[in-house]
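Nothing in this text is a laboratory measurement; each read-out follows from the coordinates by a stated rule. This is a predicted model, so every value here is computed, not measured. Every residue, glycine among them, receives a Cβ derived from its backbone with ideal geometry; neighbour counts consider all protein chains shown.
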Amino acid sequence: MSEALTRGHHVTGVVGTENQRNKLPAEANYCVAGISDPRQLTQVVEGQDLLISAARPWKTDRHLSSWLGHSCHG
């Protein structure tokens, strides 16, 4: 995120709770969403030019793995 911000990109980070906001660079926009809820993620990424996932889903979280693997093609 920091590199993208340094290069002048507008960056939005997704956090699971408001308390996690401080984990993102201060210059980044953010939104709160449950990463295991495909409906919330769909709303969050709508209109974004690029999605980079740093999430490590649990092995049992097949919904997220499937969504990330099949729903984010440009």
Pair His9, Lys23: separation of 7 Å Cα→Cβ label points (nm): 1.9
Full-extension gain in nm, Ser36 to Asp49, via 0.36 nm per residue minus C-alpha separation: 2.6 nm
